[in-house]
Amino acid sequence: MLPRVLEPEVMDTPDEARDYDAMDHSAVNRAFAADFLSLHPSARGPVLDVGTGTALIPIELCRQSATLTVVAVDLAEHGIETAISVRT
């Protein structure tokens, strides 16, 4: 069995959240969303994304599916604040 290694931080500052959000995750997020929707083609939601970070995956899921609803939560308040401020 592989040991579980926890991540050391939870985007503790606004700068960490912005830096994470600025990284290019677009290709892997598009592929993840397409794979999820191909496995669940009639999904409407709500789908729960726990540990959403700056909500890049839920946003991509909703771009690819006009009928899907996603509820996104994260322990890092700065991640959620970044998701809201950058995309509104």
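For segment 47-88, the square roots of the Cα gyration tensor eigenvalues, ordered a ≥ b ≥ c, give a/c of at least 1.5 with a/b no greater than b/c, which places it in the oblate category. The dipole here belongs to the chain: it is taken about the Cα centre, uses +1 on the Cβ of Lys and Arg and -1 on the Cβ of Asp and Glu, and is about 600 debye. Rounded, prolate or oblate: which one fits segment 19-82, using the alpha carbon gyration tensor with axes a ≥ b ≥ c (rounded when a/c is under 1.5, else prolate when a/b beats b/c, else oblate)? Verdict is oblate for segment 19-82. Dividing the summed -39500 (n - 2.57) terms of all DSSP H runs of n ≥ 4 by the residue count of the chain sets its mean residue ellipticity at 222 nm at -14500 deg cm²/dmol. Could you please report the charge total around Cys62, scoring K, R as +1 and D, E as -1 over all other residues with beta-carbon less than 12 angstrom from its beta-carbon? The answer is +1. Ranking Val86, Ile57, Leu68 by Cα position along the charge dipole of the chain, where only Lys, Arg, Asp and Glu carry charges on their C-beta atoms, puts Leu68 farthest toward the positive end.
For the chain, the share of accessible area belonging to carbon and sulfur comes to 60 percent (1.4 Å probe, ligands and nucleic acids excluded). Along segment 33-40 the Karplus relation, 6.51 cos²θ - 1.76 cosθ + 1.60 evaluated at θ = phi - 60°, assigns HN-Hα couplings of 4, 5, 5, 4, 5, 6, 7, 10 Hz to successive residues, with x for each Gly and Pro.
Computed 3J(HN,Hα) for segment 76-83, one whole-Hz value per residue from the Karplus formula 6.51 cos²θ - 1.76 cosθ + 1.60 where θ = phi - 60°, is 7, 4, 5, x, 5, 4, 5, 4, glycine and proline marked x.
Summed over the residues of the chain and divided among them, the accessible surface reaches 72 Å² per residue at a probe radius of 1.4 Å. Of the trypsin sites (Lys or Arg not before Pro) in segment 40-88, the ones in a loop by DSSP (not H, G, I, E or B) with at most 15 other beta carbons within 10 Å are Arg44.
The values are calculated or read from the model by the stated rules, or taken from the named source; none is laboratory data. For clarity, every value in this text was computed on a predicted model and none was experimentally measured. A quick note on method: Cβ atoms are made from the backbone with ideal geometry, for glycine too, and the neighbour counts reach across all protein chains shown. What goes into the accessible areas is simple: the full protein's heavy atoms, side chains included, and nothing from ligands, DNA or RNA. Shrake-Rupley method; radii C 1.70, N 1.55, O 1.52, S 1.80 Å.
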